[in-house]
1. Give me the residue from the stretch 581-611 that is part of a loop (DSSP other than H, G, I, E, B) and in contact with a strand residue (DSSP E or B) (Cβ under 7 Å, 6 or more places away or on another chain) and, out of that set, surrounded by the most Cβ atoms within 10 Å (Cβ to Cβ).
2. Which one of the conditions (1) closer than 30 Å to Asn577 by Cβ; (2) exposed (fewer than 12 other Cβ atoms within 10 Å of the Cβ); (3) modelled with pLDDT of 85 or more does Gln537 fail to meet, given that it meets all the rest?
3. Taking the options Val552, Val567, Val562, name whichever one is assigned by TED's automatic domain parsing to the domain that holds Val637, in contact (Cβ under 8 Å) with a residue 24 or more places away in the chain and farther than 19 Å from Leu630 by Cβ.
4. Against the condition modelled with pLDDT under 80 and surrounded by fewer than 14 Cβ atoms within 10 Å (Cβ to Cβ), how does Ser686 come out, does it pass?
5. From (1) under 23 Å from Pro514 (Cβ atoms); (2) touching a helix residue (DSSP H, G or I) at 6+ places or on another chain (Cβ under 9 Å); (3) not acidic (Asp, Glu), pick out the condition that doesn't hold for Leu594.
6. Quick check on my filter: what residues within the stretch 322-340 are closer than 14 Å to Gly37 by Cβ and polar (S, T, N, Q)?
7. Looking at (1) loosely packed, with under 13 Cβ neighbours inside 10 Å; (2) more than 24 Å from Ala201 (Cβ to Cβ), which is the only condition Leu46 fails?
8. Quick one: Glu614 ticks every box in (1) more than 18 Å from Met644 (Cα to Cα); (2) modelled with pLDDT under 90; (3) of a type outside the set (A, V, I, L, M, F, W, C) bar one, so which box is it?
Amino acid sequence: MLNTMISRLSDISLRAKVTISFVLIVICGTAISTFLGSKIITRSMLNEALKQVRHGLNVAEMVYAARLDNVRKSVTGAAETAQLASALTPGKEGTLPLVLSQLRDKNRLQFLAYVSARDRRIVRALEPSARQPDEIPQPISYFVRQAMSGKVVASTSLLSRDVLMQEDPALAERADIPILADGSQTAAEGDRISQGMVLVAAAPVIAGNRSVGVLYGGILLNRDEELIEQINDFVFGAKQEGKGTAGITTIFLRNVRIATNVRGASGERLAGGHAPADIYRAVSLEGKSFYTRSFVSGSWHLTAGKPIRDHQGQIVGILGVGIPENPFLDVRTSMMMTFLLVAGIGILVVLVITYFITRSMIYPLEEMVKATNRIAAGNLDQKVTITSNDEIGILADSFNKMLASIKTMKLELEEWGRTLEEKVDKRTEELVAVQIQMAQSEKLASIGRLAAGVAHEINNPLAGILTFSMLALEDCDDDHPLKESLEVIVKQTLRCRETVKGLLGFARQSGAAPSITEVNSIVDKTLLLLENQAIFQNIRTVRNFDAELPRVFIDAGELQQVIVNIVINAVDAMEENGSLTIETSQSPQTQEILIRIKDTGKGIPDDALPFIFEPFFTTKKVGKGTGLGLAIVHGIVTRAGGKMEVETSPKGTIFTIRLPMAIEEEEPDEADRQSQNADPGAGKSS
């Protein structure tokens with residue numbers, strides 16, 4: 001079938017092929033542009049909507065704060081009125097409930113009460129016949145105490161149903177809201193919100209330059225449609241879209257709506273619904289502002305919420321706003337339809353233009369066919385005479401240049417010869433670099449042999465010096481004039497002995513017995529040995545071992561020596577205080593076992609990093625090291641077929657040891673090992 005399709009395509013005229021190609025390109029480009037444009041426009045519009053939501057939430061918080069400040073000003077103003085002062089004069093106390101009621105209504109408060117500083121008697125703005133409880137309810141007592149001390153306080157607070165009943169039974173009835181089941185939230189029959197979220201303020205009442213009592217009052221936010229509409233108008237304006245407003249505003253008591261302009265199918269306000277779980281978790285439990293996409297009242301909205309805190313700083317509710325996505329998506333859809341219409345017109349224009357272009361292309365191509373037929377007949381001097389500047393003209397010019405290029409082939413071959421010589425020179429330079437590296441390796445080996453000889457020659461007289469100086473020191477009294485000098489001799493001789501021991505270790509290139517070794521066991525035993533040392537008292541050791549780690553082929557003692565040297569250097573770099581992390585892992589791609597030793601020290605200077613594996617190089621203070629530890633480590637790892645890698649920064653250093661995974665057959669049997677031990681030179685070239 002594929003061959004049939006190809007055959008049919010080959011029978012189509014060039015004009016049809018070009019036309020079809022152009023149309024397909026335009027259609028594909030339009031589809032891709034439409035898809036990407038839709039994504040970009042959608043993201044841009046939703047980002048703009050998110051900005052509006054962020055701004056709206058800040059405005060809503062400002063309106064809420066302004067309402068609280070208005071309550072504070074109303075209570076403070078009422079406390080300073082001459083009308084209240086007159087009602088507090090002796091003999092007129094009976095008019096106080098009526099005066100409080102008038103002040104409450106005048107200042108648009110929903111409850112107002114007076115507390116006497118002398119006997120803590122409470123008088124509320126109720127009918128004179130109503131019962132006046134003498135107890136100061138919680139948490140009103142907090143505001144009363146603050147006002148008694150001369151402060152004016154205002155805050156959001158939660159009042160129980162009993163407290164609301166004391167202030168005004170109508171408020172208790174308004175605060176009672178049945179909890180609805182919506183989304184993933186469920187509510188049992190009879191579940192209700194009985195608490196009221198209120199804006200409370202308290203102010204001292206001053207008479208004759210002294211505080212005679214406290215006036216407190218406030219408003220209930222449960223079902224407070226006026227505040228919701230005020231916030232909504234400030235945030236979104238009074239614009240109507242369909243049956244709803246341009247946005248939604250909600251106050252939650254914990255995670256239940258107590259005041260909102262979200263409406264149900266029949267137009268009722270959906271008080272009692274739950275806050276989206278992600279907003280409740282982020283705002284009420286974590287105490288931060290949160291922005292998300294929520295399904296509210298039958299459509300998707302971009303919503304945001306901020307915590308509402310009481311006078312103790314506890315989160316008691318959420319102030320939330322949101323705007324619907326549909327208006328933004330409708331604009332997106334309208335723009336994309338316009339784009340598609342323009343693209344359709346463009347396709348028609350392309351068809352017309354393509355028709356005329358193909359007509360202009362056919363004639364010069366026919367001329368080229370005639371010219372190529374003459375060239376095929378043997379006329380190599382034939383040239384194509386098309387002079388157009390389009391692609392066909394370029395093709396004709398390229399054809400003529402191709403004929404001319406045959407004459408210059410010899411020159412090109414000579415140029416290739418010169419290029420080959422340059423490559424030979426480059427490879428020669430690389431070989432020279434390898435030879436230099438081999439010479440450096442031979443130099444290190446020579447240094448090792450020289451170090452062994454020097455160490456052997458120095459060790460015997462050094463032992464004599466140490467022995468006789470220690471004997472002489474034992475014969476000296478504490479006040480002997482040579483005691484201090486002998487102590488210096490002993491100390492410096494011991495230091496020389498350690499240097500000689502390091503030289504012997506660096507020079508010793510044989511004597512190891514490689515075997516198939518488990519890395520985790522060796523590393524763990526080495527750390528257990530080192531952790532008992534005094535220098536590890538303030539070092540925190542972290543082990544991250546790969547439990548499925550394959551084994552390696554190396555002498556276990558040499559591997560332990562490698563770990564000891566690197567760990568001791570790490571502890572010295574951390575100045576015996578920090579965190580040491582040892583990790584083991586495997587790299588299946590390279591068939592290697594990785595041992596990483598990380599410290600939190602001060603790192604290795606950049607100018608010292610290239611020399612850390614060279615013998616006798618050290619950055620430690622005089623007397624702290626010989627400069628042979630890392631050189632020995634490098635030699636052991638290299639002999640085992642591995643590599644060393646170092647990463648360093650001012651925050652610490654990471655040494656990575658890469659060892660090849662062992663093949664089980666590589667471990668020699670006991671007879672071969674005894675043969676090698678009996679003849680150490682066997683198998684080595686001289």
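1. Asp599
2. The one condition Gln537 does not meet is (3).
3. Of the residues listed, the single one that is assigned by TED's automatic domain parsing to the domain that holds Val637, in contact (Cβ under 8 Å) with a residue 24 or more places away in the chain and farther than 19 Å from Leu630 by Cβ is Val552.
4. yes
5. (2)
6. Once the filter is applied, which keeps residues that are closer than 14 Å to Gly37 by Cβ and polar (S, T, N, Q), the stretch 322-340 yields Thr333, Ser334, Thr338.
7. With respect to (1) loosely packed, with under 13 Cβ neighbours inside 10 Å; (2) more than 24 Å from Ala201 (Cβ to Cβ), Leu46 is out only on (1).
8. Against the list (1) more than 18 Å from Met644 (Cα to Cα); (2) modelled with pLDDT under 90; (3) of a type outside the set (A, V, I, L, M, F, W, C), Glu614 comes up short only on (1).
The values are calculated or read from the model by the stated rules, or taken from the named source; none is laboratory data. From a predicted model like this one, the values you see are computed outputs, not experimental measurements. All Cβ positions, glycine included, derive from the backbone under ideal geometry; neighbour counts span all protein chains shown.
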